[in-house]
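Below you'll find the structure, written out as structure tokens, and then a few comments.
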Amino acid sequence: MRTVLFLSRDVTAQRAMETALAGSEMLFREAFEYVPGGIELVGDDFRVLRANRGLAQMLGFSEREMSGM
């Protein structure tokens with residue numbers, strides 16, 4: 001005798017949320033990178049997590065140098 005067990009779960013809503021999140025992240029990333037003004041993301045300890053090219057150029061640093069300041 002064989003037993004076959006089949007489990008399924010509807011992941012439609014989860015996939016829709018993941019797609020929406022990916023789109024939102026892409027929009028934020030593009031805005032962050034390409035806005036001509038300066039933007040920085042700062043952590044709870046007030047250290048720079050990330051700075052865009054506009055801010056780095058305004059302050060005379062590279063984007064990499066800005067991280068961790």
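Taking the charge dipole of the chain about its Cα centre, with +1 at Lys and Arg Cβ atoms and -1 at Asp and Glu Cβ atoms, the residue from PHE32, PHE6, MET58 reaching farthest to the positive side is PHE6. The angle between the Cα long axis of helix 12-34 and the longest principal axis of the Cα atoms of the chain comes to about 10 degrees, rounded to the nearest 10. Legend: calculated FRET efficiency, ALA22 to ARG50, from the Cβ-Cβ distance at R0 = 22 Å, rounded to 0.05, equals 0.70. Listed options for semi-axes √(5λ) of the Cα gyration tensor in Å are [x] 44, 15, 9; [y] 51, 14, 10; [z] 17, 16, 8. The value calculated from this structure is the one marked [x].
Each Lys and Arg contributes +1 and each Asp and Glu -1, all at the Cβ; summed about the Cα centre of the chain, the dipole is approximately 360 debye. For segment 27-69, the solvent-accessible area with a 1.4 angstrom probe is 76 square angstrom per residue. In the chain, a dipole from Cβ-located charges (positive for Lys and Arg, negative for Asp and Glu) runs towards its positive end, and of ALA16, GLY43, GLY68 it is ALA16 whose Cα lies farthest in that direction. Of the solvent-accessible surface of the chain, computed with a 1.4 Å probe and all protein chains present, 60% belongs to carbon and sulfur. For the pair SER67 and ASP10, a Förster radius of 35 Å applied to the C-beta separation gives a FRET efficiency near 0.25, rounded to the nearest 0.05.
The values are calculated or read from the model by the stated rules, or taken from the named source; none is laboratory data. Predicted model, so just to flag it, every value in this text is computed and none were measured. As a convention, Cβ positions derive from the backbone with ideal geometry for all residues, glycine included, and neighbour counts pool all protein chains shown. Accessible surface is based on the protein model in full, side chains and every heavy atom, while ligands, DNA and RNA are left aside. Shrake-Rupley method; radii C 1.70, N 1.55, O 1.52, S 1.80 Å.
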